[in-house]
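The structure appears right after this line, and notes come after that.
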């Protein structure tokens, strides 16, 4: 434990400064206007590895479609994935859906109230359980995500590379305000997100700089280098037999694959084209930057120029936007539809 953080007067000053700053500067985000544990749960799962701006756009639409745990539990998985589409990391949506089904089946839609009970649900780890319990039920448990970990290391004067998880959790538990644990946890996360950033932290306006041992950047684990990759996708459309609809050929990823199982995507071309490209799209997944070249392909040529990735189906274009698409497929089709496929 950092010595200066064992003093009760120091702890009281730090908590007061942080909570005061949070009250004056916190961002107005929709999940901060509720104490509904289900809504907080949805927001916390969405926010994992996803930008706040992207979550704001999806959060309210998701809750409008699935306003309660029971509504989410009863929905088909494909519909849940469709609502999630664009946020990525689809395993989160599947585990959220599975946990909702457990809650609906065992407690009639009433979510557990303690962090320990919440952790028993599928897909809910220590961080998410503590966030829900502290914000919705004022349980004095500490949240430690990436932002909080960075703040704790800097306050204590630890290099991130040498900070063990156990001592980070011990420090977080010591710091958390027992009267306002939810606000305190959100304040710590907010501080890491907008002030105590990984690069160029704004120490001059930090509310806890007086008690910070680092006051600046510290050693961190190097991020994986981004790599680039070029791929090709086939855009194959036809007039429906009825003559009133345009249909597009999509493939559903097998349920046995580890990445995005069950989602729909454009067929992959055997070779990356150099010419006759309809559009080029850039798309990042993890540490890979993809350059995706999309070509028009005739129905009769589809089998010989593409690599079969899953079961294919002709789908009316008007239906496609509501399906569980991969992020790349959604990005491409938005561009195509905006340019009016014919």
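Restricting the search to the range 1-47, which residues are closer than 30 Å to residue 158 by Cα, under 15 Å from the mean Cα position of the chain (by Cα) and in contact (Cβ under 8 Å) with a residue 60 or more places away in the chain?
Within the range 1-47, 44, 45 qualify.
Which of the following residues is assigned to a loop (DSSP other than H, G, I, E, B), more than 21 Å from residue 79 (Cβ to Cβ) and not assigned by TED's automatic domain parsing to the domain that holds residue 82: 276, 301?
Of 276, 301, the one residue that is assigned to a loop (DSSP other than H, G, I, E, B), more than 21 Å from residue 79 (Cβ to Cβ) and not assigned by TED's automatic domain parsing to the domain that holds residue 82 is 276.
Touching a residue at least 12 places away in the same chain (Cβ under 8 Å) and over 21 Å from the mean Cα position of the chain (by Cα), is that true of residue 145?
no
Considering each residue of the range 86-119, count those that are in a loop (DSSP other than H, G, I, E, B) and under 21 Å from the mean Cα position of the chain (by Cα), and give that number.
Count: 6.
Consider residue 260 carefully, then state whether it is within 18 Å of residue 85 (Cα to Cα) and surrounded by 19 or more Cβ atoms within 10 Å (Cβ to Cβ).
Taking the combined requirement at face value, the residue satisfies it.
Just to verify a result, which residue in the range 148-162, among those that are more than 25 Å from the chain's Cα centre (by Cα) and buried (at least 16 other Cβ atoms within 10 Å of the Cβ), is farthest from residue 19 (Cα to Cα)?
Selected residue: 158.
Just checking, does the range 57-75 include any residue being under 25 Å from residue 169 (Cα atoms), out of contact with any helix residue (DSSP H, G or I) (no Cβ under 7 Å at 6 or more places or on another chain) and either outside the structural domain of residue 131 (by TED's automatic domain parsing) or surrounded by fewer than 17 Cβ atoms within 10 Å (Cβ to Cβ) (or both)?
Scanning the range 57-75, I find no residue that is under 25 Å from residue 169 (Cα atoms), out of contact with any helix residue (DSSP H, G or I) (no Cβ under 7 Å at 6 or more places or on another chain) and either outside the structural domain of residue 131 (by TED's automatic domain parsing) or surrounded by fewer than 17 Cβ atoms within 10 Å (Cβ to Cβ) (or both), so the answer is no.
May I ask you to list the residues in the range 250-265 that are out of contact with any helix residue (DSSP H, G or I) (no Cβ under 8 Å at 6 or more places or on another chain) and part of a loop (DSSP other than H, G, I, E, B)?
Selection gives 253, 254, 255, 256, 257, 258, 259, 260, 261.
The values are calculated or read from the model by the stated rules, or taken from the named source; none is laboratory data. Values in this document were obtained by computation on a predicted structure and should not be read as measured data. Every residue, glycine among them, receives a Cβ derived from its backbone with ideal geometry; neighbour counts consider all protein chains shown.
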